[in-house]
Amino acid sequence: MKEDIKQSRRNFIGLVATGAVASGLSLLPNSLQAKINKDASSGFAMSNMGAGGAELDEEIKKIGKKKHPVSYDISQAIPWGFIWSNVYYMTNAETGTPGEQLGVFNVLRHHGMIFALNNETISKYKLGEFFGYNDPVTKQPAVKNPYYIPEDGVFPLPGLAGIKGLQDQGAVFCVCDMARKVNAMFVAQKMGLKQEEVYQDFVSGTLPGILPAPSGVWALGRLAENKIAYIDSSLG
């Protein structure tokens, strides 16, 4: 699995380089540009890269104006961002700041984008198997999103809210559109499908209320200017 993640990162970085060439911002050597430009399949993944930026930018500004604003960077298919969001609400309530006053922001990017999708999309494209992510209850490759409305046994502690419950408390979620596009391309290649159609399924299969970010790092780059704390939740 570690080797698969390394390969995925290499492929992803290659596509980012492709986007830099396409946008005219790259200073890469001509020989490397020529090699990248041969890969026509990466063109779709780098198109329309500004989608969702304006709406999310305004939402991030609102988060920054709330009390104790914090962001959880969910870059891996593990649930710690959701767990720490729950803990943040609980412990701030205990120390005098009610949940409606808090600014909580979760960024679903890279492999963490699987949690932005509904059960039908995860099952249709076998994304548990694709991302190497096992359901916490069945211990088999996930065929649904266990963290939208979690059942008993999903979290290590009872009573924790999932994505919908956190949204109901005021937490904001966004998903990296770059990850949706790049992973749509990889899935399409693996399954012999059209990447545009897979991507559109990823978009239509995104859970209610989760906003698109042009990229996850685009969203994280707005944190400092809005005085929002950053927490890496790729580890416990």
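The values are calculated or read from the model by the stated rules, or taken from the named source; none is laboratory data. Predicted, not measured: the structure shown is a model, and the values here were computed from it. Because the Cβ atoms are built from the backbone with ideal geometry, glycine has one as well, and the counts that use them run over all protein chains shown. To get the accessible areas, we keep the full protein, side chains included, count just its heavy atoms, and leave off ligands, DNA and RNA. Shrake-Rupley method; radii C 1.70, N 1.55, O 1.52, S 1.80 Å.
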Being within 22 Å of V87 (Cα to Cα) and over 13 Å from the mean Cα position of the chain (by Cα), is that true of even one residue in the range 113-125? no
Scan A54, A17, A34 and give me the residue that is under 21 Å from the mean Cα position of the chain (by Cα), part of a helix (DSSP H, G or I) and modelled with pLDDT under 50. A17
Being of a type in the set (D, E, K, R) and on the phi > 0 side of the Ramachandran plot is true for just one of K124, K164, K139, K144. Which residue is that? K139
What's the total number of residues in the range 59-98 that are open to solvent by less than 60 Å² (accessible area, probe 1.4 Å), over 15 Å from L166 (Cα atoms) and in a helix (DSSP H, G or I)? 3
Among residues of the range 70-103 being β-branched (V, I, T) and touching a strand residue (DSSP E or B) at 6+ places or on another chain (Cβ under 6 Å), the residue nearest to I231 (Cα to Cα) is V70
Residues that are open to solvent by 20 Å² or more (accessible area, probe 1.4 Å), part of a loop (DSSP other than H, G, I, E, B) and of a type outside the set (G, A, S), drawn from the range 216-236: R222, K227, L235
Of all residues in the range 158-204, how many are basic (K, R) and under 18 Å from A77 (Cα atoms)? 3
